[in-house]
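Here is the structure we will look at, set down as structure tokens.
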Amino acid sequence: MDIQAVIREQVSSHPVVLYMKGTPQFPQCGFSATATQILKACGVTDFFSVNVLENPEIREGVKQFANWPTIPQLYVQGQFVGGADIMRELYQSGELQKLLNAAA
């Protein structure tokens, strides 16, 4: 299976997916830590995370998948939401909570 198919399978088979550097317990960059904290603040305790540092193919492939150059990347119900800055904006406006509640 090619890497784009792997990513497509991951985002379509889990309601909330976060591609990040590190793990939710041990984020390896500030943006990934912020993304994890935002999800927790929204009440999302169980989400599928992918540590892109463990797989260079996924690290590059996910950038192409969403046509988005940075990591972390959040997907909800198979749809690309954005990175840490967009997550922060959506959280502050209340939109992220609505999106995540619909996915629960």
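The values are calculated or read from the model by the stated rules, or taken from the named source; none is laboratory data. All values derive from a computational prediction rather than experimental measurement. All Cβ positions, glycine included, derive from the backbone under ideal geometry; neighbour counts span all protein chains shown.
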Note down all Cβ pairs under 8 Å where the first residue falls in segment 1-20 and is assigned to a helix (DSSP H, G or I), the second is among the hydroxyl-bearing types (Ser, Thr, Tyr), and they're at least six residues apart or on different chains. VAL11/TYR75
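May I ask you to list the residues in segment 20-44 that are within 15 Å of LEU100 (Cα to Cα) and surrounded by fewer than 18 Cβ atoms within 10 Å (Cβ to Cβ)?
Filtering segment 20-44 down to residues within 15 Å of LEU100 (Cα to Cα) leaves 35-44.
Across segment 20-44, the qualifying residues are GLN37, LYS40, ALA41, GLY43.
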TYR75 crowded, with 19+ Cβ neighbours inside 10 Å, in contact with a His (Cβ under 9 Å, 6 or more places away or on another chain) and in contact (Cβ under 8 Å) with a residue 12 or more places away in the chain: yes
Within the set of pairs 6 or more residues apart or between chains, which connect a residue that is under 15 Å from PRO72 (Cα atoms) inside segment 40-57 to a residue that is among the acidic types (Asp, Glu) and part of a helix (DSSP H, G or I) with Cβ atoms less than 9 Å apart? VAL52/GLU60
Being under 17 Å from LEU96 (Cα atoms), within 12 Å of the chain's Cα centre (by Cα) and part of a loop (DSSP other than H, G, I, E, B) is the filter; apply it to segment 45-73 and report the residue that is modelled with the highest pLDDT. PRO72
